[in-house]
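Undergrad: For reference, the structure I am asking about is given below.
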Amino acid sequence: MTPLAPMPFPDTSFALTLVLLLIAPMAIAGLALVNVGLGRSRSAAQSLLGTLVVLSTAVIAFVLVGWAMASGSGRDIAFHLAGKSWDLVGAGRLLGMGVADASAREQLVLLFEVLSVALAAMIPWGSGADRLRLRAGAAIAAVFGVVVFPLAAHWTWSGWLAQLGTNFSIGNGFVDVGGAGAIHLLGGSAALAVIWIAGPRKGKFPREGLSTAMPGHNVVYVLFGSLLALVGWLAWNMAGALLWLNAVPLKLVVVAINTVLAATAALVATFLVTRFRFGKPDASLCASGWLAGLVTSSACSAVVSPIAALFVGLVAGIFTPLLVELFELVLSIDDPSGAVSIHGAAGLWGLIAAGVFSSQSGQFVAQLIGVSMLLGLMLPLIYGIFWLMDRVIAFRVDADGERLGMDLHELGGNAYPEFVVHRDESYR
Amino acid sequence: MKYAGLLAMPAGFFLTIAAIVLFPGAAQRAGFVLCGLAVEAMGLAVAVRGHMQLRSENR
């Protein structure tokens with residue numbers, strides 16, 4: 001399958017894409033459960049309510065402002081360099097005006113991007129678990145909806161990156177059907193920025209000795225969330241193939257098979273790695289491996305063969321648990337949800353692998369250029385914006401609030417009021 | 001140190017853009033793009049190192 005210029009959307013494709021996009025939010029629900037399960041019990045309600053707040057803020061901000069920049073209409077703002085047009089940003093209408101009159105395909109693209117911005121914005125929220133305040137999460141989501149995601153989405157799916165093939169004969173241009181870059185790598189970068197700015201949870205890295213283990217409070221949530229995410233991911237990748245590659249419905253079965261293969265191969269690999277490393281398989285790390293496999297499928301599922309998808313997932317399953325350990329023990333990165341490894345690193349690997357295993361010559365370079373933009377431009381931009389925001393709205397809760405737990409401090413009540421509150425690791 | 005690393009990363013990105021514009025040949029272009037990514041990787045490494053230093057000072 002190769003990307004083509006947008007063409008009239010057949011009725012069957014429209015109906016199929018719409019149905020798939022109605023199933024895709026299962027991925028968001030699954031990730032929300034994973035984030036809650038990986039956090040501590042005294043912050044569970046704040047984590048799940050925060051997910052709803054973050055989603056709502058990101059979606060509203062995107063539809064009111066971001067969509068105008070993200071849309072790939074004929075009124076885009078471009079500049080000319082080296083005799084070529086560089087499509088920089090959309091110039092659509094603000095406040096969601098014109099959506100009702102847009103073509104069927106444009107409306108589906110809006111729905112796809114609304115779901116994408118919601119998923120991207122909740123990734124850093126998971127990494128800031130147990131110390132990030134609700135209003136900080138909402139502010140981060142607003143920035144995602146207004147500036148960061150619209151730029152990345154426009155460049156990836158209709159702007160200068162997508163046009164690298166037609167303008168510079170570099171493969172088929174940057175290909176990212178399921179949002180491994182515009183959603184996951186972007187979200188992983190934002191997660192890293194949040195972790196750096198908010199700092200680690202109290203007591204995570206004591207003055208002496210190794211870091212303190214703070215395991216998730218409900219591994220059943222984590223594992224069930226991972227299963228739920230698979231359903232959403234299947235729909236997400238197939239909808240992406242229909243929208244961005246103009247795939248015919250008959251080709252979608254391979255996309256689904258590749259998605260499942262990437263996830264399962266990653267799970268098997270993580271299971272074996274953790275079994276070898278710790279003597280027994282680690283359930284939460286296995287879930288991380290499974291999700292990392294799904295993230296790689298976002299980039300690869302529509303453009304590589306099943307055996308390549310399996311290999312890509314396998315590699316993700318091997319490096320994900322090792323990276324989680326490296327980030328925590330060596331690099332002092334306190335990432336409760338593992339988002340930097342799962343979404344950042346696996347997204348990066350998926351995008352590169354999509355170039356390596358593509359049959360199109362030059363695709364590898366196109367993928368590298370896309371990665372270069374997401375990493376080299378977006379990470380510093382996100383960090384800079386978040387750093388400034390932190391001066392105005394402190395990201396991190398105060399020490400007393402962290403000791404009490406985010407549920408009591410921010411919501412005034414616990415998620416599990418009948419449970420005994422566990423001892424505080426910060427008094428070590 | 002962290003900020004120096006983060007500032008170096010866009011330099012890598014602009015190197016990549018320069019590769020697209022300046023080199024029509026596939027091999028040269030790929031080489032230059034890889035150089036750009038290497039600069040970004042170095043910038044990220046410096047930023048991570050800076051973060052680790054700050055953490056050890058704050059402990």
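The values are calculated or read from the model by the stated rules, or taken from the named source; none is laboratory data. Note that the structure is predicted; figures quoted are calculated from it, not measured. Note that each Cβ is placed from the backbone with ideal geometry, even for glycine, and that neighbours are counted across all protein chains shown.
Undergrad: Have a look at A:Gly355, A:Gly344, A:Gly370 and point out the one that is buried (at least 24 other Cβ atoms within 10 Å of the Cβ), more than 17 Å from the chain's Cα centre (by Cα) and within 12 Å of chain B (Cβ to nearest Cβ).
TA: Answer to the selection: A:Gly355.
Here's the yes/no breakdown for (1) touching a helix residue (DSSP H, G or I) at 6+ places or on another chain (Cβ under 7 Å); (2) closer than 24 Å to A:Ala120 by Cα:
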| site | (1), (2) |
| --- | --- |
| A:Asn218 | yes, yes |
| A:Val222 | yes, yes |
| A:Trp236 | yes, yes |
| A:Leu242 | yes, yes |
| A:Leu245 | no, yes |
| A:Ala263 | yes, yes |
| A:Lys280 | no, no |
| A:Ala283 | yes, no |
| A:Ser288 | yes, yes |
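Undergrad: Is it the case that the range B:37-45 has a residue that's modelled with pLDDT under 90 and surrounded by 14 or more Cβ atoms within 10 Å (Cβ to Cβ)?
TA: Within the range B:37-45 (the criterion being modelled with pLDDT under 90 and surrounded by 14 or more Cβ atoms within 10 Å (Cβ to Cβ)), the answer is no, since none of the residues qualifies.
Undergrad: Please verify whether B:Pro10 is out of contact with any Asp or Glu (no Cβ under 8 Å at 6 or more places or on another chain), at the interface with chain A (Cβ under 8 Å from one of its Cβ atoms) and not hydroxyl-bearing (Ser, Thr, Tyr), treating the condition exactly as stated.
TA: Taking the combined requirement at face value, the residue satisfies it.
Undergrad: Condition first: in contact with a His (Cβ under 8 Å, 6 or more places away or on another chain), in a helix (DSSP H, G or I), more than 11 Å from chain B (Cβ to nearest Cβ) and buried (at least 19 other Cβ atoms within 10 Å of the Cβ). Can you find one or more residues in the range A:189-206 that meet it?
TA: yes
Undergrad: If you check B:Val33 against the conditions, is it assigned to a helix (DSSP H, G or I) and at the interface with chain A (Cβ under 7 Å from one of its Cβ atoms)? Step through it out loud before you land on a result.
TA: Values: assigned to a helix (DSSP H, G or I): yes; at the interface with chain A (Cβ under 7 Å from one of its Cβ atoms): yes.
Here the answer is yes, as B:Val33 does meet what is asked.
Undergrad: Still on this structure, I have one more. Look through the range A:14-30, keep the residues that are small (Gly, Ala, Ser) and in a helix (DSSP H, G or I), and return whichever of them is nearest to the chain's Cα centre (by Cα).
TA: Selected residue: A:Ala27.
Undergrad: Restricting to the range B:24-58, name every residue that is over 19 Å from the mean Cα position of the chain (by Cα) and touching a residue at least 24 places away in the same chain (Cβ under 8 Å).
TA: Those that are over 19 Å from the mean Cα position of the chain (by Cα) and touching a residue at least 24 places away in the same chain (Cβ under 8 Å): B:Gln53, B:Leu54.
Undergrad: Just give me the residues in the range A:328-341 being facing another protein chain (nearest Cβ under 10 Å) and among the hydrophobic types (A, V, I, L, M, F, W, C), in sequence order.
TA: Residues of the range A:328-341 facing another protein chain (nearest Cβ under 10 Å): A:330-334.
Within the range A:328-341, A:Val330, A:Leu331, A:Ile333 qualify.
Undergrad: Moving to a separate point now. Looking at the range A:252-270, I want the residues that are closer than 15 Å to A:Ser298 by Cβ and have a partner that is polar (S, T, N, Q) and part of a helix (DSSP H, G or I) with Cβ atoms under 7 Å, at least 6 apart or on another chain. Which pairs are those?
TA: Pairs found: A:Val255/A:Asn237; A:Asn258/A:Ser297; A:Thr259/A:Asn237; A:Thr259/A:Ser297; A:Ala262/A:Thr296; A:Ala262/A:Ser297; A:Ala263/A:Ser297.
Undergrad: Checking B:Ala27 against (1) within 9 Å of chain A (Cβ to nearest Cβ); (2) over 30 Å from A:Phe205 (Cβ atoms); (3) assigned to a helix (DSSP H, G or I), only one condition comes out false. Which one?
TA: The number of the failed condition is (1).
Undergrad: So, one more: Just to check your reading of the model, which residue among A:Val260, A:Val220, A:Val177, A:Val255 is buried (at least 22 other Cβ atoms within 10 Å of the Cβ) and assigned to a helix (DSSP H, G or I)?
TA: Going through A:Val260, A:Val220, A:Val177, A:Val255 in turn, the sole match is A:Val255.
Undergrad: So how many residues does the range B:49-59 have that are farther than 19 Å from A:Leu210 by Cβ and facing chain A (nearest Cβ under 7 Å)?
TA: Qualifying residue count for the region: 0.
Undergrad: Here's a follow-up. Just to be sure before I move on: is B:Ala45 more than 8 Å from chain A (Cβ to nearest Cβ) and over 20 Å from A:Val330 (Cβ atoms) in the structure I sent?
TA: Details: more than 8 Å from chain A (Cβ to nearest Cβ): yes; over 20 Å from A:Val330 (Cβ atoms): no.
So B:Ala45 does not fit the description; no.
Undergrad: Can you pull out the residues in the range A:383-400 that are over 26 Å from A:Leu351 (Cα atoms), assigned to a helix (DSSP H, G or I) and touching a residue at least 60 places away in the same chain (Cβ under 8 Å)?
TA: A:Trp387, A:Met389, A:Asp390, A:Ala399 - these are the residues of the range A:383-400 that are over 26 Å from A:Leu351 (Cα atoms), assigned to a helix (DSSP H, G or I) and touching a residue at least 60 places away in the same chain (Cβ under 8 Å).
Undergrad: Need at least 3 residues that are at pLDDT 90 or above and not small (Gly, Ala, Ser) per element, so show me which helices (runs of 4 or more DSSP H) inside the range A:75-170 make the cut, counting only ones lying wholly within it.
TA: Where helices (runs of 4 or more DSSP H) fall fully within the range A:75-170 and carry at least 3 residues being at pLDDT 90 or above and not small (Gly, Ala, Ser), they are A:104-127, A:134-143, A:149-157.
Undergrad: Exactly one of these conditions fails for A:Leu242: (1) buried (at least 19 other Cβ atoms within 10 Å of the Cβ); (2) modelled with pLDDT under 85. Give me its number.
TA: So the condition that A:Leu242 fails would be (2).
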